[in-house]
1. Normalised by the number of residues in the chain, what is the relative contact order in percent for Cα pairs under 8 Å and 6+ residues apart?
2. What distance in nm separates the simple spin-label points at residue 14 and residue 93, each placed 7 Å from Cα in the Cβ direction?
3. Select one label from (i) 2.07; (ii) 1.23; (iii) 0.97: the one whose number is Cα Rg over 2.2 N^0.38 Å as derived from the coordinates shown.
4. Taking the Cα of residue 41, stepping 7 Å toward and past its beta carbon, and measuring to each backbone N in the range 72-94: which are under 13 Å?
5. What order do you get for 68, 60 when you list them from fewest to most C-beta neighbours inside 10 Å?
6. Relative to the longest principal axis of the C-alpha atoms of the chain, give the angle of the C-alpha long axis of helix 13-37, reported between 0 and 90° and rounded to the nearest 10°.
């Protein structure tokens with residue numbers, strides 16, 4: 001992954017860091033959704049075992065500013081609308097603190 005990002009960054013260290021940060025945040029948000037629902041994406045047996053009627057309902061894209069420049073992230077949604085992301089709170093436009 002880092003090799004691909006380094007090639008795409010073409011020597012720009014900020015672009016490399018933005019790519020790693022974008023990938024990390026998207027993965028973290030997906031993990032938050034897994035924890036919220038109690039099963040992994042595509043795991044029908046896990047959904048049935050969790051007794052969960054709520055399910056994933058796509059995602060929406062948003063741009064947040066960082067110290068390294070703007071990044072586009074995909075924030076997942078759930079069908080019931082009860083998912084509240086902690087990594088990037090709803091309406092956040094700027095990420096200034098490390099996790």
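1. Values: 111 pairs, mean separation 25.4, N = 99.
This gives 26 percent for the chain.
2. Using points 7 Å along Cα→Cβ, the separation is 1.9 nm.
3. (ii)
4. 74-78
5. Values: 68 18, 60 9.
Result, fewest neighbours first: 60, 68.
6. For 13-37 against the chain, the angle is about 10 degrees.
FYI, it's all coordinate maths here, none of it is from the lab. Note that the structure is predicted; figures quoted are calculated from it, not measured. Every residue, glycine among them, receives a Cβ derived from its backbone with ideal geometry; neighbour counts consider all protein chains shown.
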